[in-house]
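Just below is one structure, and these are the notes that go with it.
The values are calculated or read from the model by the stated rules, or taken from the named source; none is laboratory data. Here the structure is a predicted model, which is why all the values come from computation and not from measurement. Neighbour counts are summed over all protein chains in view; Cβ atoms, including those assigned to glycine, are modelled from backbone coordinates with ideal geometry. SASA here: full protein model, heavy atoms, side chains in, ligands and nucleic acids out. Shrake-Rupley method; radii C 1.70, N 1.55, O 1.52, S 1.80 Å.
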Amino acid sequence: MADNVEKTGALSRFILRRDRIRIPLWLIGIALFTLIVPIAFADLYSTEQDREGIAETMENPAMTAMVGPGDLSNYTIGAMTAHQMLLFTAVVVGIMSILLVTRHTRADEEDGRIEMIRSLPVGRLSNLNATLFVLGITNVILALITGFGLYALGIESMDLEGSLLYGAALGATGIFFAGVTALFAQLSESSRGTTGFSIAVLLIAYLVRAVGDVGNETLSWISPLGWVTQTEAYATNNWWPIVLMLGVSIILFILANYLNAVRDLEAGFFPARPGRKYASSFLQSPIGLALRLQQTGMIAWAVGMLVMGLSYGSVMGDLESFFEGNEVMEQMLMEEEGYTLTEQFIPMLMIIMALLSTVPPIMAMNKLYGEEKKSRIEHLLGRAVSRARLMGSYVVISIVNGFMMLSLTAIGLWAAGAAVMEDGFDFGAIYGSALVYYPAMLVMIGLAVLLIGFLPKLTTLIWLYIFYSFIVLYLGGLFQFPDWVGNLSPFGYIPQLPVEDMEWAPVIMLTAIAIVLMVVGFIGYRKRDIEG
């Protein structure tokens with residue numbers, strides 16, 4: 001056994017060296033978002049009457065399915081934060097662990113790095129255990145930062161035990177899904193399969209918990225995300241679900257180590273499905289190949305965006321009674337005469353949905369550079385395929401992807417809203433309110449094309465720009481940011497339908513900027529060296 005884990009410490013340091021920027025960004029982003037929310041809640045719901053109002057809204061079965069059960073009888077700021085944010089944050093932490101573990105296990109094996117590492121005097125299980133060790137330490141640090149950070153806010157209802165339990169729930173979720181991903185890294189033959197199966201487990205866990213929370217509490221205990229909500233941080237402070245989650249994680253770690261020890265390098269236990277003997281003519285084109293590589297992710301995101309729209313639409317019927325008399329919430333809204341508070345809430349909701357809808361098309365565009373880093377682009381460019389045609393294929397997929405995501409969120413919002421609202425929902429108004437953000441999305445895609453064309457190593461900066469847009473536009477009304485801060489984002493120029501009149505000038509201007517960015521990006525891509 002000692003030989004199998006030899007040099008695990010050295011490989012751990014190597015992984016930390018490779019992710020010296022990636023891991024801190026994840027930690028800072030999750031911790032910052034976690035600490036901002038209770039501060040905002042304290043301003044939004046400063047009185048007990050305000051908190052009782054939101055507690056009544058959260059009794060909706062649709063909301064219970066979304067965020068889980070909570071202590072609605074004593075809805076303090078702490079209980080509200082745990083009820084509304086803990087589950088969603090745990091999902092993000094799970095995604096972080098899935099992506100990082102896949103990157104250092106099956107993805108490295110696919111790229112040939114593990115073969116190089118094993119040619120050195122290291123143990124057979126060293127890389128896997130180094131990855132699990134780094135992810136374990138990362139999640140422990142996240143638990144400590146969020147736990148002590150929440151307590152340091154000094155909010156009366158957020159005591160030390162509840163804060164540490166909140167952080168422990170996040171850390172335990174990350175460790176659990178690190179174990180899930182490590183197991184699938186042995187079962188699947190590809191990094192795409194590893195990520196897909198792991199995220200499928202995450203989604204199934206969320207859905208099982210949702211069904212259980214609404215209809216059968218026993219069913220919730222089958223889901224690891226159900227264990228997260230059962231902690232009841234800032235209420236009963238139940239630590240047993242954390243112990244259960246860590247215990248199951250240890251079992252997953254042991255299984256992953258055993259399977260890694262008995263399988264061949266680059267092999268998996270799930271049999272690979274044989275492909276067709278002859279590829280279709282569409283698959284033999286650059287756009288067909290690019291679409292085939294991304295179809296699973298596109299389908300998953302499409303389902304997710306539709307479900308998000310349905311989830312938001314399902315609570316539209318209760319918003320009017322909640323917003324009435326909530327001064328801080330009314331301050332965040334447009335305060336336009338002649339429109340209901342629900343209608344005034346739609347623009348703020350559309351900003352969130354538009355920014356989330358921007359993520360999949362940017363991922364689709366950045367896939368081009370991802371394939372380049374894996375030295376796969378040379379095989380295409382060595383044939384009768386021009387660089388312009390290759391990049392154009394990804395640009396077309398990204399543009400269509402963005403339009404599809406925006407449309408699905410709007411359709412989901414309208415369908416669920418029409419079912420719960422007495423006066424119905426105007427499809428044209430909802431769809432137009434979403435689609436008006438499409439030019440801003442095109443600008444983001446154009447920026448991604450520009451970075452790939454000239455500064456490919458800085459493509460991750462686009463994610464910081466999207467995160468900046470979310471902060472300044474979603475929380476700008478609450479924190480009273482000046483107008484110029486919002487105008488630094490293309491989404492800040494979009495007219496907020498349906499409470500504002502349609503303005504074509506900014507929409508046309510953003511579309512023109514997007515075209516210019518894409519054209520310049522094409523020029524840069526044609527002239528720069530292809531990197532492996």
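Laid out as a table, the results:
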quantity: Computed [θ] at 222 nm, deg cm²/dmol, the chain (DSSP H ≥ 4; -39,500 (n - 2.57); rounded to nearest 500); calculated: -24500 deg cm²/dmol
quantity: Partner lysines for LYS527 [C-alpha distance under 30 Å; skip if fewer than 8 residues away on the same chain]; calculated: LYS367, LYS373, LYS374, LYS457
quantity: Fraction of accessible area attributable to carbon and sulfur, the chain (%, probe 1.4 Å); calculated: 64
quantity: Spin-label model distance (nm) - LEU381 vs GLN295, 7 Å beyond Cα toward Cβ; calculated: 2.7
quantity: Calculated from backbone phi, Karplus (6.51, -1.76, 1.60) coupling profile of region 85-94 in Hz, x at Gly/Pro; calculated: 10, 4, 5, 4, 5, 4, 4, 5, 4, x
quantity: Distance in nm between pseudo-label sites at LEU144 and LEU455 (7 Å out along the Cβ direction from Cα); calculated: 3.4
quantity: For region 430-532, alpha-carbon Rg and Dmax in angstrom; calculated: 15.4, 50
quantity: Distribution of pairwise C-alpha distances over region 186-240, 5 Å bins, in %; calculated: 5, 20, 19, 17, 15, 11, 8, 4, 1
quantity: Förster radius 41 Å - calculated FRET efficiency between MET509 and ILE530, Cβ distance, rounded to 0.05; calculated: 0.75
quantity: Spherically averaged projected area of region 389-469 from its Cα convex hull (nm²); calculated: 6.4
quantity: Projected-area mean, region 39-114, by convex hull of Cα positions, square nanometres; calculated: 6.7
quantity: Computed over the chain, Cα set: Rg, Dmax in Å; calculated: 24.0, 74
quantity: Estimated dipole of the chain in Debye, rounded to 20 [Cβ of Lys and Arg +1, of Asp and Glu -1, Cα centre]; calculated: 4060
quantity: Spherically averaged projected area in nm², based on the convex hull that wraps the Cα atoms of region 114-181; calculated: 5.5
quantity: Region 238-243 - phi-based ³J(HN,Hα) in whole Hz, Karplus 6.51/-1.76/1.60, Gly and Pro as x; calculated: 8, 8, 4, x, 5, 4
quantity: Computed accessible area, TRP463, all protein chains, 1.4 angstrom probe, square angstrom; calculated: 90
quantity: Span from the region 253-315 Cα centroid across to the region 60-117 one, whole angstrom; calculated: 20
quantity: Rounded accessible area per residue of the chain, 1.4 Å, Å²; calculated: 46
quantity: Under Karplus coefficients 6.51, -1.76 and 1.60, residue-wise ³J(HN,Hα) of region 520-528 in Hz, glycine/proline x; calculated: 5, x, 4, 4, x, 5, 5, 9, 7
quantity: Label zone at ARG389 (point 7 Å along Cα-to-Cβ), backbone N below 19 Å, region 258-293; calculated: 279-293
quantity: Inter-probe distance in nm under a simple model that places probes 7 Å from Cα toward Cβ, at VAL262 and ALA419; calculated: 4.6
quantity: Heavy atoms of ARG18: accessible area, 1.4 Å probe, square angstrom to 10; calculated: 60
quantity: Reciprocal of mean inverse Cα separation for region 1-134 (Kirkwood radius, Å); calculated: 17.9
quantity: Inter-part distance where region 170-223 and region 1-52 are each reduced to a Cα centre, Å; calculated: 19
